[in-house]
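The values are calculated or read from the model by the stated rules, or taken from the named source; none is laboratory data. The structure displayed is predicted, hence computed values, not measured ones. Because the Cβ atoms are built from the backbone with ideal geometry, glycine has one as well, and the counts that use them run over all protein chains shown. Ligands, DNA and RNA are stripped out before the accessible areas are found, and what is left, the full protein with its side chains, is counted by its heavy atoms. Shrake-Rupley method; radii C 1.70, N 1.55, O 1.52, S 1.80 Å.
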Amino acid sequence: MKKTNKLLIKLSLLMLIPLAVISCKKDKYLTDGGLENPNTPLSTYDYLKNNKYHQFDTVLMLADHFNLKDSINNAKTFFAFTDMSLRLLITHLKIDSLSELEDSVTQNLFRQYMFRQTINLSQATLVEVPYINNAGVKSAIKYTAANQVVYLDGANVAFPYNTLDYVKVNGAVDGSSGISATDSVDIVIPCQTTGIKTSSGTTLHVLANNATLNKL
């Protein structure tokens, strides 16, 4: 019971951290989710472990349960999800402990967000570009065009930028030719941070805190 309460309190507190805090300029995060200096001397696993906002503590506890440290470090691309997304999954599954979560999911919860090739924002387009993830399931990437409006020299000025999206493909890739009218719409999940280059060779992206995770 103590373990359950500790997990719930921790995840609840994490929900209070606003996205704006982790995307502020002073921490080298840009409004488009990228980084001024994308390189880190840490491995992918250690970069997540040393996050000063502790956004990945429970994520890594779950990863350790499935012995995925090497898989995380060896992935060419990893769309990492945060503890907040795990909390949403826990709520959806109607469970309240880490042990129950370990019994409810498999390592494919992680592998679907890992890829054997390097995937960058520069490879994305406004339409979905499909990839096969490390769980052997088709997913895709795309980008969303947006504007950052700032007040400059007495006027509002819009600066365009693109955000990288991870796409959970449901059936056929949206926009495919001959797609069935009954085909489910794909789920688009934006990244809050993109293009971190870790010392273990991973291009790391971080999904938005409200990302809906696919149990697989």
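Could you grab me the full set of residues in the range 39-88 that are within 12 Å of LEU204 (Cβ to Cβ), crowded, with 16+ Cβ neighbours inside 10 Å and more than 16 Å from the chain's Cα centre (by Cα)?
THR40, SER43, ASP46
Could you go through the range 106-120 and let me know if any residue there is in contact (Cβ under 8 Å) with a residue 12 or more places away in the chain, part of a helix (DSSP H, G or I), more than 23 Å from LEU48 (Cα to Cα) and polar (S, T, N, Q).
Looking for residues that are in contact (Cβ under 8 Å) with a residue 12 or more places away in the chain, part of a helix (DSSP H, G or I), more than 23 Å from LEU48 (Cα to Cα) and polar (S, T, N, Q), one finds none in the range 106-120, hence no.
Is there a residue being within 28 Å of ALA146 (Cα to Cα), of a type in the set (Val, Ile, Thr) and touching a residue at least 40 places away in the same chain (Cβ under 8 Å) anywhere in the range 55-62?
no
Starting from the range 79-93, keep only residues that are over 13 Å from LYS215 (Cβ atoms) and without any contact (Cβ under 8 Å) to a residue 24 or more places away in the chain, then list their pairs with residues that are open to solvent by 10 Å² or more (accessible area, probe 1.4 Å) and β-branched (Val, Ile, Thr) whose Cβ atoms are within a distance under 6 Å, requiring at least 6 positions of separation or different chains.
none
Within the bounds of the range 159-168, is there any residue that is closer than 23 Å to THR77 by Cα, of a type in the set (S, T, N, Q) and open to solvent by less than 70 Å² (accessible area, probe 1.4 Å)?
Yes, some residue in the range 159-168 is closer than 23 Å to THR77 by Cα, of a type in the set (S, T, N, Q) and open to solvent by less than 70 Å² (accessible area, probe 1.4 Å).
Run SER139 past the list (1) open to solvent by 50 Å² or more (accessible area, probe 1.4 Å); (2) outside any loop (DSSP other than H, G, I, E, B); (3) closer than 22 Å to ILE72 by Cα and report the number of the one that doesn't hold.
It fails just one condition, (1).
Between TYR131, TYR47, which is within 23 Å of ASN170 (Cβ to Cβ) and outside any loop (DSSP other than H, G, I, E, B)?
TYR131
In the range 83-95, how many residues are of a type outside the set (Lys, Arg) and in contact with a helix residue (DSSP H, G or I) (Cβ under 7 Å, 6 or more places away or on another chain)?
6
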